[in-house]
Amino acid sequence: QHFRGFRTGTIRLDPDGWFFTTSFISFGDKYYDFKFKPSDVVIMTYPKSGTTWTQEIVWTMMHNPNLNNPKATLPLLKRRPNLQFDFGISCSSVNIAAPGTILHNAFLQDHPNCNPKDGIFLQLAEFAEDPRIIKTHLPFSLLSPSLLETCKVIYMARDPRDVVVSYYHNSRLLNVMDFVGSMTDFVEHFVNDTLVYSPFWRHLKEAWNKRNHPNIHICFYEDMKANPKEEILRIHKFLDLDLTESQINDIVHYTSFQEMSKREDKKIIGSYTEVINPKILNEDGGFFRKGVTGDYKNKLSEEDIQKINEWTKENTRDMDDEFKYKI
Ligand code: A3P
């Protein structure tokens with residue numbers, strides 16, 4: 001058992017075969033029934049693909065185009081609702097309660113009328129200010145089938161080799177997961193689809209197969225990194241916004257890795273110090289770890305890279321040639 005945080009273990013959500021913590025399972029139907037509004041923008045990703053970055057770009061464009069909204073100083077978790085695993089009932093009844101309860105109580109302090117049994121994240125999403133910028137790691141098949149007919153979705157994808165490095169770090173950094181195996185063990189979980197929100201390829205393909213729908217915009221971490229202004233302008237167009245060139249330039253700077261890590265790392269960690277493993281924080285950095293492409297070359301062994309490449313080859317065989325990660 002490599003995840004000491006998820007002590008109850010993880011089980012497959014049949015018949016779809018998604019891998020989740022048991023704490024999510026009890027909320028699965030509620031997530032599926034969650035009502036989106038036409039004004040919502042959903043940021044959908046497999047974990048560690050650049051979710052926070054995309055959220056910050058979109059939230060800033062829509063709520064803080066002049067970079068003077070005082071709410072921008074609130075921690076990420078308080079500004080943007082999450083539709084992902086929930087605590088609620090399971091939080092009080094399973095062993096992830098220790099770190100989980102801290103987050104859970106922090107939310108309840110701000111929203112005393114929330115009933116934990118109905119799912120904390122779900123209710124926070126319901127109460128969030130419009131237009132809601134909703135983060136989710138859930139794939140299309142676990143959300144409302146009318147999602148794309150109702151609102152816009154931005155799907156961010158990242159090279160799986162960098163995803164696994166970032167996910168490994170995060171799984172050791174957060175006590176909720178407390179991963180205690182090696183990088184090679186983690187890679188094994190990744191290619192076997194036994195990480196939460198896996199299967200990775202199914203997640204991406206569900207989005208990719210909808211790419212011609214007018215309400216989805218797919219972007220790639222590597223493109224965003226190589227040319228942030230161009231990618232931000234694409235998002236701007238997709239969202240039908242009307243920002244000036246100067247506002248866009250300021251947002252490109254404001255959402256750069258340097259600026260975001262300066263601003264946000266302290267807040268995320270400062271607010272929820274209890275969920276962070278200080279040893280990993282000191283050794284490998286915080287949530288804003290490195291923010292580059294290709295770090296896998298420094299972190300993965302040749303064998304692990306080879307294993308992921310083979311797996312990618314197998315899983316992208318049926319994808320068309322324009323798919324970025326096809327090998
Ligand atoms: P690394 O661990 O490779 O540094 P998510 O938000 O989906 O959890 O993704 C986290 C990853 O995105 C981390 O990757 C983090 O450093 C990176 N990231 C966050 N903000 C970024 C930014 N402004 N520019 C580039 N990368 C960013």
Query - When residues of segment 282-297 are limited to those that are assigned to a helix (DSSP H, G or I) and within 13 Å of the ligand (Cβ to nearest atom), the one farthest from the chain's Cα centre (by Cα) - result: LYS297
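Give the residues of segment 48-69 that are more than 13 Å from the ligand (Cβ to nearest atom), in contact (Cβ under 8 Å) with a residue 60 or more places away in the chain and in a loop (DSSP other than H, G, I, E, B), sorted by residue number. Even if it seems obvious, please write down each step before you answer.
Our first condition is that a residue be more than 13 Å from the ligand (Cβ to nearest atom); within segment 48-69, this holds for 61-69.
From what is left, the residues that are in contact (Cβ under 8 Å) with a residue 60 or more places away in the chain are 61-63, 65-67.
Of everything in segment 48-69, those that are more than 13 Å from the ligand (Cβ to nearest atom), in contact (Cβ under 8 Å) with a residue 60 or more places away in the chain and in a loop (DSSP other than H, G, I, E, B) turn out to be PRO65, ASN66, LEU67.
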Query raised in the report: Of the residues that make up segment 83-97, is at least one closer than 30 Å to LEU243 by Cβ, surrounded by 16 or more Cβ atoms within 10 Å (Cβ to Cβ), at pLDDT 85 or above and under 19 Å from the mean Cα position of the chain (by Cα)?
Result: yes
Query - Count - residues of segment 182-214 that are surrounded by 17 or more Cβ atoms within 10 Å (Cβ to Cβ) and either hydroxyl-bearing (Ser, Thr, Tyr) or assigned to a loop (DSSP other than H, G, I, E, B) (or both) - result: 6
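May I ask you to verify whether ARG211 is touching a strand residue (DSSP E or B) at 6+ places or on another chain (Cβ under 9 Å), among the basic types (Lys, Arg) and in contact (Cβ under 8 Å) with a residue 24 or more places away in the chain?
On the way: touching a strand residue (DSSP E or B) at 6+ places or on another chain (Cβ under 9 Å): yes; among the basic types (Lys, Arg): yes; in contact (Cβ under 8 Å) with a residue 24 or more places away in the chain: no.
The answer is no for ARG211.
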Requested in this report: Read through the list (1) at pLDDT below 95; (2) away from the ligand (no atom under 13 Å from the Cβ), then give the number of the only condition that TRP208 fails.
Outcome: (1)
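One line per residue, one yes/no per condition, for (1) more than 11 Å from the ligand (Cβ to nearest atom); (2) on the phi < 0 side of the Ramachandran plot; (3) among the charged types (D, E, K, R):
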| site | (1), (2), (3) |
| --- | --- |
| PHE220 | yes, yes, no |
| ASN227 | yes, yes, no |
| LYS237 | yes, yes, yes |
| THR244 | yes, yes, no |
| GLU259 | no, yes, yes |
Query raised in the report: Residues LYS262, LYS307: which one is modelled with pLDDT of 95 or more, of a type in the set (D, E, K, R) and either part of a helix (DSSP H, G or I) or crowded, with 16+ Cβ neighbours inside 10 Å (or both)?
Result: LYS307
Query raised in the report: Which of the following residues is in contact with a Lys or Arg (Cβ under 9 Å, 6 or more places away or on another chain) and modelled with pLDDT of 95 or more: ASP193, ASP162, ASP185?
Result: ASP162
Query - Every residue from segment 298-310 that is within 16 Å of the ligand (Cβ to nearest atom) and free of Cβ contacts under 8 Å to residues at least 60 places away in the same chain - result: ASN298
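The values are calculated or read from the model by the stated rules, or taken from the named source; none is laboratory data. Everything numeric here is computed off the predicted structure, so don't read it as measured data. Note that we place each Cβ from the backbone using ideal geometry, even for glycine, and neighbour counts take in every protein chain shown.
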